[in-house]
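Heads up, the thing below is written out as structure tokens.
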Amino acid sequence: MNKLGTTIIGCGSIHRVHADAIVNSDFGHLVSVVDIHKHKAQASAQEYHCRWYTDYNEAIHDDAVDVVHICTPHYLHSEMAIKALKAGKHVLVEKPVVRHIDEAQLVIRARDESGRCVGVCFQNRFNQTSKKAKEMIDSGAVGAVKGIKGIVTWYRNEAYYTSSEWRGRFATEGGGVLINQSIHTIDLMQWLVGGVEAVKGGVSTQLLGKVIEVEDTAYATLFFRNGARGIFFATNCYTTNSPVEIEVDCEKAKLRIYDGKLYIEQDGNCSCIADDNSKETGYKSYWGNSHVVLIENFYRGILSRGSGSIISVEEAVESVRIIDGIYKSASTGNIIYI
Ligand SMILES: NC(=O)c1ccc[n+]([C@@H]2O[C@H](COP(=O)([O-])OP(=O)(O)OC[C@H]3O[C@@H](n4cnc5c(N)ncnc54)[C@H](O)[C@@H]3O)[C@@H](O)[C@H]2O)c1
């Protein structure tokens, strides 16, 4: 297989997951890394034996680069994706694909004009537990979905927000626990059940109001087009990062994803039917283990048009649409049709 040339923009905490996946793969090779902070770009380039830049415009115009990974603060995602597409590159962008839904249209237009691919990092869709739950629901094995709940109780302290200048600010992060930490859970909920047509919810800053302007806690009721109802709660104010819990209440059974396992409760019995086999990766445990699979699927999707699975902008923006609805509902007190 021909290897594609890769550049990674942003050498912060998540970039190592991307870099390790590429250098250990048989589908890509790391050409360069970019960070506005020279010391970060240099340190990464030294570790991964590649070129480095402080200006991403240089990296995306390098003929050796086919794929651009965007691992930067949220407010830069759409601008960088559009420029990379205009330079003729494929783009893999970290979540959230964009901060605001109107930016998604611009990325979609640039993608369609370029004929290149854009994929979004919702790696948890590739977890064994998520895939099995989706298969059970889509096949009808557990009957129609009546309801779903998603609970995220995590811990982010002052140092987390102050360690990167973009966190905690609407202009740069685009929101707080909703658009950053719990967007994965919102994505899984809407992916498992189907389209959300309306939301009612609220947000608040419970703990670190002197440090951040964004919400650290949020809740919502989701009204799905197929009649199912979802309840959602997320906070960064707990004292530890508890496993995310997702429960799907179906006509014939209840599915429950918790701590890397999928359980089915049916006829009074409970059994584990899928296991993410989570092992120590050296990265943060709450990122899960599926970035490697997602990245491999993205490259296979580019190389052999079809054999891989790419999470598109259209799919990924659904979570941003729901989040936008929760903010609007929080500020008006109304149910919001999205
Ligand atoms: N999929 C996941 O589970 C997951 C986990 C963590 C982070 N993320 C996402 O990854 C992205 C980055 O998050 P992070 O935690 O690594 O942040 P970070 O602050 O640790 O790293 C961001 C890096 O981008 C660099 N940067 C900023 N502006 C730049 C520019 N103009 N050009 C080049 N580099 C620039 C910063 O200097 C920094 O090193 C965010 O979108 C975040 O939501 C996703």
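We did not get these values from a lab; they are worked out from the coordinates using the rules stated. None of these values were measured; they are calculated from a predicted model. Quick reminder, even Gly has a Cβ in these numbers, built from the backbone with ideal geometry, and neighbours come from all protein chains shown.
When the Debye formula is applied to the Cα atoms of the range 4-121, each taken as the same point scatterer, what base-10 log of I(q)/I(0) results at q = 0.15 Å⁻¹? Relative scattering, expressed as log10 I(q)/I(0), comes to -0.57. Electrostatic tally near T153: other residues with Cβ closer than 15 Å to its Cβ, Lys and Arg +1, Asp and Glu -1, net -3.
Under 5 Å from the amide H of V33 lie the amide H atoms of I8, R51, W52, Y53, each residue being 5 or more positions distant or on a separate chain, with H modelled from the backbone and absent for Pro and chain starts.
All other residues whose Cβ lies under 15 angstrom from that of H49 are scored, Lys and Arg at +1 and Asp and Glu at -1, for a net of +1. Pairwise Cα distances in the chain exceed 25 Å for 52 percent of all pairs.
Volume per residue for the range 131-171 equals 149 cubic angstrom (convex hull of Cα atoms).
In the range 93-216, the C-alpha radius of gyration followed by the widest Cα-Cα span (Dmax) gives 17.1, 49 angstrom.
Spherically averaged projected area of the convex hull of Cα atoms, the range 146-243: 6.2 nm². Axis of helix 128-138 versus longest Cα principal axis of the chain: the two differ by about 50°, to the nearest ten degrees. Over the residues of the chain, the helix contribution to mean residue ellipticity at 222 nm works out to -10000 deg cm²/dmol, using -39500 (n - 2.57) for each DSSP H run of at least 4.
Compute the distance from the alpha-carbon center of the range 149-211 to that of the range 1-71, in whole Å. Comparing the Cα centres of the range 149-211 and the range 1-71, I get a distance of 28 Å.
With both residues required to sit in the chain, DSSP beta bridges show an antiparallel share near 60%. State whether the range 211-338 is rounded, prolate or oblate according to the following rule on the C-alpha gyration tensor (a ≥ b ≥ c being the square roots of its eigenvalues): a/c under 1.5 gives rounded; otherwise a/b larger than b/c gives prolate, and the remaining case gives oblate. Rounded, since a/c falls under 1.5. For the chain, the longest principal axis of the alpha carbon atoms and the long axis of helix 313-332 meet at an angle near 60°.
With Cα atoms defining each centre, the range 290-335 and the range 112-147 are spaced 10 Å apart in the structure.
Stretching T172 away from E265 to a fully extended chain increases their span by 29.2 nm, per 0.36 nm per residue minus the current alpha-carbon distance.
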